[in-house]
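Notes for the one structure printed next.
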Amino acid sequence: EDGVTMPESLDHQRCCKLLLDILLAWVARTGRDATAGANIALRWDEEHPKVGVDPDVYLVEPALARDTRSLRTWEPGQHAPRLAIEVVSRDTARKDYIDGPAKFAASGTSELWVFDPERRGRGLPGGPWKLQVWRRSEEGAFRQVYAGDGPTYSEALGAWLVITDGGTRLRIADDEAGERLWPTAEEMADEARLRADAAEAELA
């Protein structure tokens, strides 16, 4: 049984890590006062502090203090995420499709992405979709604004969400066609090395 669950678990981790690395690189590149992270305990009800949700990936702006271990929106200096991302796995489909949007709505989160690369939401209300986007309106309502295979636009980032790698990865791009993908720090370093090698070869 372990041989069956391990690949899915690893793929889920890799998908989440890619999104986090992209957001970390974007924050560094743009010098934004923001925190990108993973699996923080998001809580919004001081009277019921155990009620909450732990987003796979999140972006909070302004940035959180470095030693923040949980996000309690009733505490000074702590804000609901500007963006939360959930990647659906075999064990989280019901939570991500049904419970998650309501909880992120209650938390004050501005925008939620639910990425279901393997369409684990089959048989659930509203499923399955490869990608869903939920967004808070100016009036405060939290509604599903997109459900499909992408691409679609993220107002939280001012960028496009595109599904790549044969439907297994969610990426962020400057353009709807996904030709100008937001890079990770590692991808930027690789590109810089390629440019340096090309320049050196040209001189030689």
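Taking each residue as 0.36 nm, the span from Arg195 to Ser70 lengthens on full extension beyond its C-alpha to C-alpha distance by 40.9 nm. Kirkwood analysis of the Cα pair distances in segment 36-95 returns a hydrodynamic radius of 12.1 Å. Rounded to 0.05, the FRET efficiency of the Arg29 and Ala105 pair, given R0 = 35 Å and the Cβ-Cβ distance, is 0.70. Ignoring lysines fewer than eight residues from Lys130 along the same chain, the ones with Cα atoms less than 24 angstrom from its Cα are Lys17, Lys95, Lys103.
Find the relative contact order for the chain and round it to a whole percent, using C-alpha pairs within less than 8 Å whose residues are 6+ positions apart.
15
The loop-placed GluC sites (Glu not before Pro) in segment 133-204, going by DSSP, that have at most 11 neighbouring Cβ atoms within 10 Å of their Cβ come out as Glu138, Glu139, Glu179. Each 10 Å bin, from zero up to the one with the longest distance, holds this percent of the alpha carbon pairs of the chain: 8, 33, 35, 17, 5, 2, 0. Once the 1.4 Å probe is applied to the protein heavy atoms, segment 127-204 comes out at 60 Å² accessible per residue. Coupling constants for segment 55-72 follow from the phi torsions by the Karplus curve (6.51 cos²θ - 1.76 cosθ + 1.60, θ = phi - 60°), and in residue order they are x, 4, 9, 8, 9, 10, 9, x, 5, 7, 4, 4, 8, 5, 9, 9, 9, 10 Hz; glycine and proline get x. I'm a student and want to see the number: the projected area of the Cα convex hull of segment 80-123, averaged over all directions, in nm². Averaging across all directions leaves 2.8 nm² for the Cα convex hull. Calculated mean residue ellipticity at 222 nm for the chain: -9500 deg cm²/dmol, from DSSP H runs with n ≥ 4 weighted as -39500 (n - 2.57), summed, divided by the residue count and rounded to 500. Phi angles of segment 159-168 translate, via the Karplus equation with coefficients 6.51, -1.76, 1.60 and θ = phi - 60°, into HN-Hα couplings of 8, 9, 9, 10, 9, 10, 6, x, x, 9 Hz per residue; Gly and Pro are given as x. Axis angle, to the nearest 10 degrees, between helix 2-30 and the longest C-alpha principal axis of the chain: 70 degrees. So for the pair Ala141, Asp91, with labels modelled 7 Å out along Cα→Cβ, what separation do we get in nm? Inter-label distance under the simple model: 3.7 nm.
Largest GNM mean-square fluctuation among Pro128, Pro76, Pro62, using the chain with Cα springs under 10 Å: Pro76.
Show me the GluC sites (Glu not before Pro) within segment 38-106 that DSSP assigns to loop and that have at most 12 other Cβ atoms within 10 Å of their Cβ.
Details: sites: Glu46, Glu47, Glu86; in loops: Glu46, Glu47.
Here the sparse-neighbourhood loop sites are Glu46, Glu47.
For the pair Ala185 and Leu124 in one chain, pulling the backbone fully straight at 0.36 nm per residue adds 18.3 nm over the alpha carbon distance.
Accessible surface ranking for Leu18, Leu170, 1.4 angstrom probe, highest first: Leu18, Leu170. Remark: segment 103-204 is approximated by an ellipsoid whose semi-axes, taken from the C-alpha gyration tensor as √(5λ), come to 35, 17, 11 Å, largest first.
Note on the chain: GNM, Cα springs under 10 Å; of Arg72, Arg180, Arg171, the largest mean-square fluctuation is that of Arg180.
For the chain, modelled as a GNM whose springs connect Cα atoms under 10 angstrom apart, the maximal fluctuation among Trp129, Trp113, Trp74 occurs at Trp74.
The values are calculated or read from the model by the stated rules, or taken from the named source; none is laboratory data. For clarity, every value in this text was computed on a predicted model and none was experimentally measured. All Cβ positions, glycine included, derive from the backbone under ideal geometry; neighbour counts span all protein chains shown. The protein model used for the area step is the full one, side chains on, heavy atoms only, and it has no ligands, DNA or RNA in it. Shrake-Rupley method; radii C 1.70, N 1.55, O 1.52, S 1.80 Å.
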